[in-house]
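Each remark here refers to the structure printed beneath this line.
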Amino acid sequence: MEFKITTGKKQYDLEAAVRSIGEDLLVAIWGGERPHIGAVAVAQPRPSLKDPDQISSTASVFCLLGHKEDDLVKAAAQILAATLNTTVVVTAGIHWDNLDAAGIRQVLRNSELLIDLILEKTASLSSKAKGE
C-alpha cells in the first residue's frame, strides 16, 4: 500500500506520503514554505495499561535542534500504531514564516484532520485488498 494525501485546506494545508513496509507503516508529513525533516517518532502497539483488552501504543521521538514538530509526530505515530495495531514511523517538517497563534491552531487542526484521512484511506485500501 502506498498513497499521498492532503488536507485540502487552502490555508496551512498539510500533505502526507504513506507507505506500507511489510506489516509496518511509514508516514512523511510536510507543509508550508520550506518542508523538511524536523522530527521523527517511532510507535509500537501494546496492551492498554488501563484495559489490557484495548490496544494503546508507546512512542519514542527524536526532534532536530530548533524544530517543534515533536508533539505532532508523537501524537500521529501513537494514534496510527494503536488504531492499526502495527509499528509506525512518522516524520514531519512544517514551516511557514511568521506563523501567528491562529495559524498554529489551524496547523494543529489540519494535522488532526490529516491523521483521520490517513486512517480512512488505510481502511479503504485494506478492505479492497481483502476483497470486501
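Would you mind checking the stretch 77-119 for residues with the amide N under 16 Å from a putative spin-label position 7 Å along Cα→C-beta of K130?
83-86, 119
Figure the gain on full extension for E120 and D97 (residue separation times 0.36 nm, minus the Cα-Cα span) and round it to one decimal in nm.
Full extension of this stretch gives 5.2 nm more.
Could you tell me the relative contact order of the chain? Use alpha-carbon pairs under 8 Å, at least six residues apart, and round to a whole percent.
28 percent
Determine the distance separating the Cα centre of the stretch 75-132 from the Cα centre of the stretch 31-52; give it in Å without decimals.
What the calculation gives is 9 Å, centre to centre.
List the GluC sites (Glu not before Pro) within the stretch 1-77 that DSSP assigns to loop and that have no more than 13 neighbouring Cβ atoms inside 10 Å.
E23, E33
Every number here is computed from the coordinates shown, using simple stated rules; none is lab data. All of these numbers come straight from a predicted model, not from anything done at the bench. Backbone-built Cβ (ideal geometry, glycine too); neighbour counts: all protein chains shown.
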